[in-house]
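*Asks:* Dumping the structure here so I can ask a few things about it.
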Amino acid sequence: MIILWIALGVLVLLLLVGLLVFCIASMEGHPAPLHDMKKLERIIGHTRASLVKSGLSWLSDHPPQEVHMKSFDGYTLRARWSPVENARATILMAHGWHGSVETDFCGIYGAYQKMGLNLLMIDQRGQNGSEGHYMTFGVKE
């Protein structure tokens, strides 16, 4: 009988941990303060912040086209499209959890475009410019 109670306790504990992980993963994203460099440096460090600054400068000089689409469940999902002439490939850029395309990839835009690559920079569901209540890591996008 005691083994049954221990097994039940372990099962309840696993369910609670799973619920906690789901709740954390369901939190909506918050964009990084891209134009407040001091705050950005505190969040992601000086080296990455300087890469973000150079990438933001590149983005302002080469503004991508805004692309929107409706998901199967009615949310508007956002991406930015940056083509090059005679492209040899296209890179799909999807940021990480609570990230953004700017903070996760900003330092590499110019190099990719010099290599002849189109860029599709995706805002994950529930993050930054895309609607939704939680990020699904590409499963529902």
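The values are calculated or read from the model by the stated rules, or taken from the named source; none is laboratory data. Everything numeric here is computed off the predicted structure, so don't read it as measured data. Please note: Cβ atoms are built from the backbone with ideal geometry, for glycine as well, and neighbour counts cover all protein chains shown. Each accessible area value is taken on the protein alone, full model and side chains, heavy atoms only, with ligands, DNA and RNA left out. Shrake-Rupley method; radii C 1.70, N 1.55, O 1.52, S 1.80 Å.
*Asks:* Largest first, what is the accessible-area ranking of K53, K114, K39 with a 1.4 Å probe? If you can, show how the numbers build up before the last one.
*Replies:* Details: K53 125, K114 180, K39 90 Å².
Sorted by accessible area, descending: K114, K53, K39.
*Asks:* Could you tell me the relative contact order of the stretch 70-141? Use alpha-carbon pairs under 8 Å, at least six residues apart, and round to a whole percent.
*Replies:* Relative contact order for the stretch 70-141 comes out at 39 percent.
*Asks:* Between M93 and residues 5 or more places away or on another chain, which pairs have amide H atoms under 5 Å apart, with H built 1.01 Å from N, and which residues are they?
*Replies:* Those qualifying (amide H under 5 Å, at least 5 residues apart or on another chain) are L120, M121, I122.
*Asks:* For H98, what accessible area in Å² do you get when you roll a 1.4 Å probe over the heavy atoms of the protein chains, rounding to the nearest 10?
*Replies:* 60 Å²
*Asks:* Students sometimes get this wrong: rank I108, I2 by accessible area, probe 1.4 Å, all chains present, largest first.
*Replies:* I2, I108
*Asks:* For a quick check of your reading of the filter: which trypsin sites (Lys or Arg not before Pro) in the stretch 59-109 sit in a DSSP loop and have no more than 13 other Cβ atoms within 10 Å?
*Replies:* R88
*Asks:* Amide H to amide H under 5 Å from S130: which residues, 5+ apart in sequence or cross-chain, H placed 1.01 Å off N in plane?
*Replies:* Here the answer is R78, since their amide H atoms fall under 5 Å of that of S130.
*Asks:* On a straight-distance basis, which aspartates and glutamates could pair with K114 in a cross-link, Cα separation under 20 angstrom, same-chain partners fewer than 8 positions away excluded?
*Replies:* In chain and number order, the partners are D61, E85, E102, D104.
*Asks:* Residue by residue through the stretch 84-92, what is 3J(HN,Hα) from phi via Karplus (6.51 cos²θ - 1.76 cosθ + 1.60, θ = phi - 60°)? Round to whole Hz and write x for glycine and proline.
*Replies:* Each residue's phi maps through the Karplus curve to give 10, 5, 6, 4, 9, 5, 10, 9, 8 Hz.
*Asks:* For M135, M115, write out the residues from largest to smallest accessible area, computed with a 1.4 angstrom probe and no ligands counted.
*Replies:* Ranking M135, M115 by accessible area, largest first, yields M115, M135.
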